[in-house]
1. Do you know the relative contact order of the chain, to the nearest whole percent, from alpha carbon pairs under 8 angstrom that are 6+ apart?
2. Report the trypsin sites (Lys or Arg not before Pro) located in the range 25-109 that are in a DSSP loop and have at most 15 other Cβ atoms inside 10 Å of their Cβ, or state none.
3. Compute the length gained on full extension between E201 and Y107: take 0.36 nm times their separation in residues and subtract their Cα-Cα distance, giving the result in nm to one decimal.
4. Are there chymotrypsin sites (Phe, Trp or Tyr not before Pro) in the range 1-58 that DSSP marks as loop and that have at most 11 other Cβ atoms within 10 Å, and which are they?
5. Hey, with R₀ at 41 Å, roughly what FRET efficiency would K22 and D277 work out to, going by the Cβ-Cβ distance, to 0.05?
6. Can you grab the distance from the C-alpha centre of the range 301-332 to the C-alpha centre of the range 131-159, Å, no decimals?
7. About the Cα centre, and with charges only on the beta carbon of Lys, Arg (+1) and Asp, Glu (-1), how big is the dipole of the chain? Nearest 20 debye, please.
8. Are any of the pairs K241/K337; K52/K232; K89/K225; K85/K200; K172/K260; K172/K337 more than 22 Å apart by Cα-Cα distance, and if so, which?
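Coordinate-derived values only; no laboratory data. Given the structure is predicted, the values throughout are model-derived calculations rather than measurements. Reconstructed Cβ throughout: ideal geometry from the backbone, glycine too, with neighbour counts over all protein chains shown.
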Amino acid sequence: MTTLLFNENNPKQLLQAAELIKNGEVVGMPTETVYGLAADACNPDAVARIFKAKGRPSDNPLIVHLADFSDAVNYTSYIPQLAYKIADKFSPGPITMIFPKNDRIPYITSGGLDTVGIRIPAHATARKLIELSGCPIAAPSANTSGYPSPTEASHVMLDMNGKIPAVIDGGKCQCGVESTVISFDDDNTVRILRPGFVTKEDLLTLGCEVIVDNAILNEVAEGEKVSSPGMKYTHYSPAAKVTLVEGDSESFSAFANKNKSEDTYFLIFDNDILDNDCNFLTYGSNSTQQAHNIFSCLRRLDELGAKKVYVRVPDKNGVGLAVYNRLIRAAGFEVIKI
Ligand code: AMP
Ligand code: MG
């Protein structure tokens with residue numbers, strides 16, 4: 001199969017993409033978080049094609065994307081009032097809420113769970129594609145399972161060429177990390193299962209309780225029960241071995257000098273300074289920039305032939321928690337404190 005590259009500004013190609021989805025095919029789709037692999041969430045054969053293209057474990061559920069939150073009642077059996085408040089404030093946008101599912105969502109989509117994650121994307125092209133397709137769209141990140149998420153159409157092409165019929169090019173993703181995933185412990189308590197652009201502080205403004213799940217920062221023990229299946233898988237890892245290094249700019253520079261080699265790279269903040277003979281990439285000077293750049297940097301390091309990568313640990317507050325969460329998984333929880 002040849003994978004076609006569509007342009008988001010070409011209405012005919014968007015219609016063609018929607019036709020593919022109606023026919024049970026999978027299409028690469030831009031969103032404001034990362035690129036997704038879009039298919040009809042209610043068609044088990046279409047959803048099976050997503051799992052196959054990604055090589056995704058069958059118990060890792062897919063998020064269902066809708067054009068409007070008012071449509072969520074059609075695929076769920078209970079929505080707490082708090083969810084409407086959250087949707088009013090943060091949707092459309094980078095937040096996924098988990099609810100008990102109804103029969104319209106097949107178990108293949110929910111990874112065998114009785115719940116379903118619902119998100120209303122803000123990206124105009126994603127919304128248009130949902131409307132034109134006339135169905136809820138299951139869309140996991142459009143990377144090969146385990147590899148860093150795609151934030152440009154070229155990343156999707158690299159991972160999915162020959163496996164899906166088309167990718168819609170919508171330029172670079174605005175956020176750069178996947179949506180915040182939350183579930184409801186009770187009608188007034190939200191549990192963050194995956195950190196993203198909607199932060200704990202943002203959710204607290206609604207007057208609810210907010211719990212940050214332990215698995216966000218800590219490794220899940222083998223066999224341990226998790227609230228979100230994605231937590232237990234290796235994630236976001238380039239071929240290079242990634243290690244996080246926790247320390248200030250000066251001590252990182254000294255660390256780099258001691259550990260430099262031809263195929264060792266350092267991933268640093270924009271304003272960090274390393275000796276001339278150290279290989280490095282910069283990933284931003286604040287959390288928003290770092291979120292935007294992190295996945296493309298991890299992919300770029302592989303292109304450069306890096307074998308070892310040492311990353312200066314980001315700030316863990318606000319959006320920084322999302323960046324840290326992706327990096328610590330890319331590093332298989334290896335952190336050096338200097
Ligand atoms: P991705 O599709 O790559 O953005 O990953 C989606 C992640 O959202 C999964 O790995 C899960 O951890 C989480 N998720 C999706 N649906 C559910 C659900 N019903 N219950 C718990 N976690 C979910
Ligand atoms: Mg993913």
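1. On the way: 767 pairs, mean separation 64.5, N = 338.
The normalised contact order for the chain reaches 19 percent.
2. Details: sites: R49, K52, K54, K85, K89, K101, R104; in loops: R104.
Passing sites in the range 25-109 are R104.
3. Computed gain between E201 and Y107 is 30.5 nm.
4. Answer by residue number: there is no such site.
5. 0.15
6. With the range 301-332 and the range 131-159 each reduced to a Cα centre, they are spaced 21 Å.
7. Around 520 debye, computed over the chain.
8. Working: K241/K337 17 Å; K52/K232 19 Å; K89/K225 31 Å; K85/K200 15 Å; K172/K260 31 Å; K172/K337 33 Å.
Beyond 22 Å: K89/K225; K172/K260; K172/K337.
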